[in-house]
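Report on one structure; see the data block that follows.
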Amino acid sequence: MKHFRLLAWITALLLLLSACSSNAALSGASSENESAAGIAITDFNDRSISFSEPPERIVALSIGEADIIYALGSELVGRPASNVELRWEAAKSVREVGTTHEADLEQIAFVKPQAVLAHNVMNASDVTMLESLGAKVILTSGNSIADIERQITIFGTMLQKEERAEQLIAAIEAKLTELSQKASAASAAPALLVYGAPGTFMAALPNSLSGNILELAGGTNIASSFPALQNYPQYAQLNAERIVEANPQHIFIMTHGDPESVKGSFLKEMESSPAWNSIDAVINGNISILPAELFGSNPGTRIVESLDMMHELLQAK
């Protein structure tokens, strides 16, 4: 009888150990699968990119991307070269690695990035070269406020900072709601957005970021019906006669060059039209240079400041 009981006890113990082992194996397999799945994102070119863990060595080729990364609570090892003043103190000592227009592959290679944030059009042809450096490339753009919010979501997922990303987007949405309520109580002021440098000027269309800002801040883009330029579909050629006919109450100039020089060159070009001085914006002196850090390119999370400034300028009579 004792022998039988001992045998039964040993059998039960073996069954228990077998069950525990199976459960542990299943649990281990589950954890391994979750780890293998990691972090998955889809960029603006519908490319799927995955990371086993949030990348710590990140390069950004534009100011907007750089701003979003710091706003999410992370940092860069490579930042864009720019004349625009950097908002984040920690970014000022970071190595410059070129821009979306001309990425410096040597400098990018030097910082050994795990992720490179690049433009979905201008840097599409650079992907193979950047990936050869061992980095994963995320292609995005900021042609609208919706685009900027999508960038925040993608980068937030990549860094596993989804809650912070939601907070940043909520702040933008709150500003849009505020401006929408104000706009409903006032008529939209007709305005012209000019982008350029001495001798080269273009009108920004509604499908540009600045055009999107203008309309959401309560303005009307007089160039909305201008034909888009083939190589720059978010801009149109300036036409003094059409501008005079539309009679904008405001003219906004965006440039990365010397502001006063650009403004003077623009006015000289437009004054070739005899009726130029009859425009409301000229009569009332409502010709403004917009700061490059807020309007020259994607400002990232500072888009809230861009909206506020545009709305304030549109209130001037």
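Cβ contacts < 9 Å: first residue within 15 Å of Ile169 (Cα to Cα), restricted to region 303-316; second residue crowded, with 17+ Cβ neighbours inside 10 Å and of a type in the set (Lys, Arg), any location; separation 6+ or different chain. Result?
Taking only residues 6 or more apart or on different chains, the pairs are Ile303/Lys175; Val304/Lys175; Leu307/Lys175.
Determine whether region 129-149 contains at least one residue that is among the hydrophobic types (A, V, I, L, M, F, W, C), without any contact (Cβ under 8 Å) to a residue 60 or more places away in the chain and crowded, with 19+ Cβ neighbours inside 10 Å.
Within region 129-149 (the criterion being among the hydrophobic types (A, V, I, L, M, F, W, C), without any contact (Cβ under 8 Å) to a residue 60 or more places away in the chain and crowded, with 19+ Cβ neighbours inside 10 Å), the answer is yes, since at least one residue qualifies.
Looking at region 247-259, which of its residues are in contact (Cβ under 8 Å) with a residue 24 or more places away in the chain and surrounded by fewer than 20 Cβ atoms within 10 Å (Cβ to Cβ)?
Within region 247-259, the first condition is being in contact (Cβ under 8 Å) with a residue 24 or more places away in the chain, and the residues that meet it are 247-257, 259.
The answer is Asn247, His256, Gly257, Pro259.
Scan region 229-238 for residues that are within 9 Å of Ala203 (Cα to Cα) and surrounded by fewer than 16 Cβ atoms within 10 Å (Cβ to Cβ) and report the count.
1
Could you tell me whether any residue of region 131-141 is among the acidic types (Asp, Glu) and within 17 Å of Leu72 (Cα to Cα)?
Going through region 131-141, the residues among the acidic types (Asp, Glu) turn out to be 131.
Restricting the remaining residues to those that are within 17 Å of Leu72 (Cα to Cα) gives none.
Within region 131-141, none of the residues are among the acidic types (Asp, Glu) and within 17 Å of Leu72 (Cα to Cα).
Which of the residues that make up region 176-210 are out of contact with any helix residue (DSSP H, G or I) (no Cβ under 8 Å at 6 or more places or on another chain) and part of a helix (DSSP H, G or I)?
The answer is Thr177, Glu178, Gln181, Ala183.
So Glu173 clears everything in (1) farther than 18 Å from Thr42 by Cβ; (2) part of a strand (DSSP E or B); (3) of a type outside the set (Ser, Thr, Tyr) except one condition, right? Which one?
Result: Glu173 fails condition (2) only.
If you go through region 57-67 one residue at a time, do you hit one that is among the charged types (D, E, K, R), under 11 Å from Ile138 (Cβ atoms) and crowded, with 21+ Cβ neighbours inside 10 Å?
Yes, region 57-67 contains at least one residue that is among the charged types (D, E, K, R), under 11 Å from Ile138 (Cβ atoms) and crowded, with 21+ Cβ neighbours inside 10 Å.
Rundown of residues vs (1) at pLDDT below 95; (2) outside any helix (DSSP H, G or I); (3) assigned by TED's automatic domain parsing to the domain that holds Ile152, yes/no style:
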position: Val244; (1), (2), (3): yes, no, no
position: Gly264; (1), (2), (3): yes, no, no
position: Pro274; (1), (2), (3): yes, yes, no
position: Gly285; (1), (2), (3): yes, yes, no
position: Ser297; (1), (2), (3): yes, yes, no
position: Met310; (1), (2), (3): no, no, no
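What's the number of the only condition in (1) over 23 Å from Met122 (Cα atoms); (2) aromatic (Phe, Trp, Tyr); (3) buried (at least 18 other Cβ atoms within 10 Å of the Cβ) that Phe295 fails to meet?
(1)
If you check Glu56, Glu85, Glu75, Glu65, which single one turns out to be assigned to a loop (DSSP other than H, G, I, E, B) and touching a strand residue (DSSP E or B) at 6+ places or on another chain (Cβ under 8 Å)?
The conditions single out Glu75.
Could you give every pair whose Cβ atoms fall below 8 Å, whose first residue belongs to region 211-236 and is assigned to a loop (DSSP other than H, G, I, E, B), and whose second residue is of a type in the set (Val, Ile, Thr), counting only separations of at least 6 or pairs across chains?
Here the result reads Ile222/Ile243, each pair linking region 211-236 to a residue that is of a type in the set (Val, Ile, Thr).
Keeping to region 269-283, report how many residues are free of Cβ contacts under 8 Å to residues at least 60 places away in the same chain and within 34 Å of the chain's Cα centre (by Cα). Break it down into steps so the answer makes sense when it comes.
Start the filter on region 269-283 by keeping residues that are free of Cβ contacts under 8 Å to residues at least 60 places away in the same chain, which leaves 270-280, 282-283.
Retained after the next criterion (residues that are within 34 Å of the chain's Cα centre (by Cα)): 270, 280, 282.
Qualifying residue count, region 269-283: 3.
The values are calculated or read from the model by the stated rules, or taken from the named source; none is laboratory data. Treat the numbers as computed from the prediction; the structure is a model and nothing was measured. Positions of Cβ are backbone-derived with ideal geometry, glycine not excepted, and every protein chain shown enters the neighbour counts.
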